[in-house]
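Below: one structure, written as structure tokens.
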Amino acid sequence: MTPSPRLRARGKVRDVYDAGEDRLLLVATDRISAFDVVLPDPIPDKGRVLTGLSSFWFDRTADLVPHHVVSTDPADFPAPFAGVPALTGRATLVRKAKVVPMECVARGYLSGSGWAQYRATGDVCGVPLPDGLVESDRLPEPIFTPTSKAGTGHDLPLAPEEAVDLVGKGLFERLKELTLGIYERLADTSAARGVILADTKLEFGFADGELVLIDEVGTPDSSRFWPADGYAPGRPQASFDKQFVRDWLDASGWDHEPPAPGLPAEVVLGTARRYVEAYERITGSPFDAYPGAASGDDDPALERLREEHG
Ligand SMILES: Nc1ncnc2c1ncn2[C@@H]1O[C@H](COP(=O)(O)OP(=O)(O)O)[C@@H](O)[C@H]1O
Ligand SMILES: [Mg+2]
């Protein structure tokens, strides 16, 4: 395969193509990662769910911060991407940004790595919390708990001083305010649909000198969504995210080192069902009406694009 500069990066989930001077094409595949390892089986419809939910949230936060989306309509894509049917519903043309080297996390509830840190130290990323909280408890107020953006491997929690060292005081304060504001918007919108947003991860960048929201927003890959009706602190919650597949992987005895084991068909389908349910609950629209055709990561048209341009 002749290397071409067009496929700039193959992330765990997304293929990132150069699409002109100051544009990128982000293609959300059906790949799924767990414990930072890409699993061998794609999850049908997952790429379109991520793209649809991100678009939904970019629109609904545009009054708080500008975003990177130019278009999700393949008719607007430049060559060689224009009108490629397999890209419908799963690709986003965006403004190319200089990525801020920090993942901006907001937490309204105590779960996942936040719960693990609190149990060990009584705080999360250097933010002190009251004593006696239990797993999945609602926090007195949402907190900002950024992490490093590791190129490979696991992101690490940053104390506020470390985050300030990384990005500077002014930018730290701005990112904190934006992240908490966006979390509040997402959480309020979700709550109105009976869904708790426990936490969410955002990425920012600079495009033409302007601070913009980039990457994906409010998807089950970047956020913990819990059905509000079954919520009870003191234990892990049922969720619309990857927890289902993580639980199966843990029960399989896998040590989190690559390669990951293959997933049984019912786990693949159960995971796909949860992603689609998250889309439908949050947006209030049937996923059947969402553009594009269901396809796995092995879609021949996506594979051809990667081969011709990777
Ligand atoms: N507008 C943008 N400009 C530059 N890079 C971006 C933009 N939006 C997203 N990215 C980057 O594209 C990549 C998306 O691929 P993904 O599969 O999520 O990768 P990862 O394995 O790093 O999570 C991320 O590295 C993200 O930081
Ligand atoms: Mg990512």
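The values are calculated or read from the model by the stated rules, or taken from the named source; none is laboratory data. It should be emphasised that the depicted structure is a prediction, and the values quoted were computed from it without experimental measurement. Every residue, glycine as well, gets a Cβ built from its backbone with ideal geometry; the counts of neighbours run over all protein chains shown. Keep in mind that these areas ignore ligands, DNA and RNA; they rest on the heavy atoms of the full protein, side chains included. Shrake-Rupley method; radii C 1.70, N 1.55, O 1.52, S 1.80 Å.
So here's what we get for this one:
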| item | result |
| --- | --- |
| Calculated from backbone phi, Karplus (6.51, -1.76, 1.60) coupling profile of segment 85-90 in Hz, x at Gly/Pro | x, 5, 8, 4, x, 10 |
| The chain: translational diffusion in µm²/s, Stokes-Einstein, Kirkwood Rh over Cα pairs, 10 °C, 1.306 mPa s | 79 µm²/s |
| Distance (nanometres) between label positions extended 7 Å along Cα→Cβ at Ala82 and Asp36 | 4.2 nm |
| Under-5 Å amide H pairs with Phe81, H placed in peptide plane, nonlocal only | none |
| Amide hydrogen neighbours beyond the local backbone of Val13, cut-off 5 Å, H modeled | none |
| Carbon/sulfur fraction of accessible area - segment 184-275, other protein chains in place, 1.4 Å, % | 51 percent |
| Rounded if a/c under 1.5, otherwise prolate or oblate - segment 239-310, Cα gyration tensor axes | oblate |
| Shape of segment 4-77, Cα gyration tensor, a/c cut at 1.5 | oblate |
| Under-5 Å amide H pairs with Val70, H placed in peptide plane, nonlocal only | Leu93, Val94, Arg95 |
| Helix-only [θ]222 nm of the chain, DSSP H runs n ≥ 4, -39500 (n - 2.57) each, per residue, nearest 500 | -10000 deg cm²/dmol |
| Per-residue ³J(HN,Hα) for segment 165-171, Karplus 6.51 cos²θ - 1.76 cosθ + 1.60, θ = phi - 60°, Hz, x for Gly and Pro | 4, 6, 10, x, 4, x, 5 |
| For segment 126-195: rounded, prolate or oblate by the Cα gyration tensor [a/c cutoff 1.5] | prolate |
